[in-house]
1. Just how much of H221 is accessible, in Å², when a 1.4 Å probe is used and the result is rounded to the nearest 10?
2. Taking Rg and Dmax of the Cα atoms in Å as the quantity of interest, determine which of (1) 22.6, 72; (2) 26.1, 103; (3) 29.0, 108 was computed from the displayed structure.
3. Could you give each residue of the stretch 107-115 its phi-based ³J(HN,Hα) in whole Hz, using Karplus coefficients 6.51, -1.76, 1.60 with θ = phi - 60°, and x for Gly or Pro?
4. With charges only on Cβ, +1 for K and R and -1 for D and E, what is the dipole size of the chain about its Cα centre, in debye, rounded to 20?
5. How would T192, T107 line up by accessible area, probe 1.4 Å, largest first?
6. Which residue fluctuates most in the GNM of the chain (Cα springs below 10 Å): A100, A81, A234?
7. For the chain, what does -39500 (n - 2.57) per DSSP helix run (n ≥ 4), summed and divided by total residues, give at 222 nm, in deg cm²/dmol to the nearest 500?
8. Sort L292, L217 from largest to smallest accessible area, using a 1.4 Å probe on the heavy atoms of the protein chains.
Amino acid sequence: MESMELRQLAYFVEVARLNNFTKAAERLRIAQPALSQQIRNLEQELGVKLFHRTGRGVTLTEAGEQFLMGAEKTLAEAQMAKDSVKGLINSPHGKIVVGALESMVQTRLPSLLVAFSKKYPGIKVFIRENTTEPLLEALKKGELDLALAHTKDHYLSNTDLVPLKGLCSKPLYEDELVLAVSKGHPLVKRQTVSVKELQEESFVSFKEGSGARDQLLATCHKEGFEPLIAYECASPRTLVAEGLGVSVLPRLMAESPGPPVSILPLDPPLSRWVSVFYVEGRYLSPCAKVFLRFVESYLTAESE
């Protein structure tokens, strides 16, 4: 395949990932008219329309969806051939961008990154912290190589909020969710607390798009009430310690060093799975593959 054709495939894939010609042209650093022309040439050559043009951008046609799978695979094979020639497959060196949950960045991730950099000093890992939904969106758009996020679970009655089509995931560990309250809170003396008993409480919650927040909302709705969320932030525990509300947090986050809070198990218990996500069929660099294997063995061993 000539490089011109490979370039056309790369252009097509970028537009498909971003659903937008302007953004794709910016990322590819080419003029938008030139990009549009290349896609038109590709459509003429194939004899099909690849995109529906809409007011806000573009979406793939059915033929476009089919072609995307083949294009991703072809680009992956070409990149793999380049990397094997450079000898990267045996001694990977380079950089990867990994999306991670805020709760992981505050608990398990630092020691993992230290262990990884000792074993693979040639690989630089850049971390982008966010909640599950934005992480999976960024992954689909090609802004991340891998994402460490929540597996959207049965607790979401309105089906997955992020379409997981085309994403692969491998479960890493199960995260227990607990109730954190301030030291002087009336519930402190209890052995366990049910979500139903929290109707009158003010909550300190993670931001929208967080798996823990989605799960709390779904559980409260099942119990017939809408929780009163007084504060939203990345580290609710700090506000809980000051008596500004209660919070449902991953146990590891509630138990990590910081302002003192009381931790109460929930009955029935709540938990969610943390998984590593990547895009099906998209090229994973040798560095990303090494990190994926390392994360799997490190986190599954740690949780056992």
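1. Here the accessible area works out near 100 Å².
2. Looking at Rg and Dmax of the Cα atoms in Å for this model, the match is (1).
3. Listing the rounded values in order: 10, 7, 5, x, 5, 4, 5, 5, 4 Hz.
4. Using only the charged Cβ atoms, the result is roughly 880 debye.
5. From most exposed to least exposed: T192, T107.
6. Sorting by GNM fluctuation, first place goes to A81.
7. Calculated at 222 nm, the ellipticity per residue is -13000 deg cm²/dmol.
8. L217, L292
The values are calculated or read from the model by the stated rules, or taken from the named source; none is laboratory data. Only a predicted model underlies this, so the values are computations on that prediction, with no experimental measurement involved. A quick note on method: Cβ atoms are made from the backbone with ideal geometry, for glycine too, and the neighbour counts reach across all protein chains shown. Accessible surface is based on the protein model in full, side chains and every heavy atom, while ligands, DNA and RNA are left aside. Shrake-Rupley method; radii C 1.70, N 1.55, O 1.52, S 1.80 Å.
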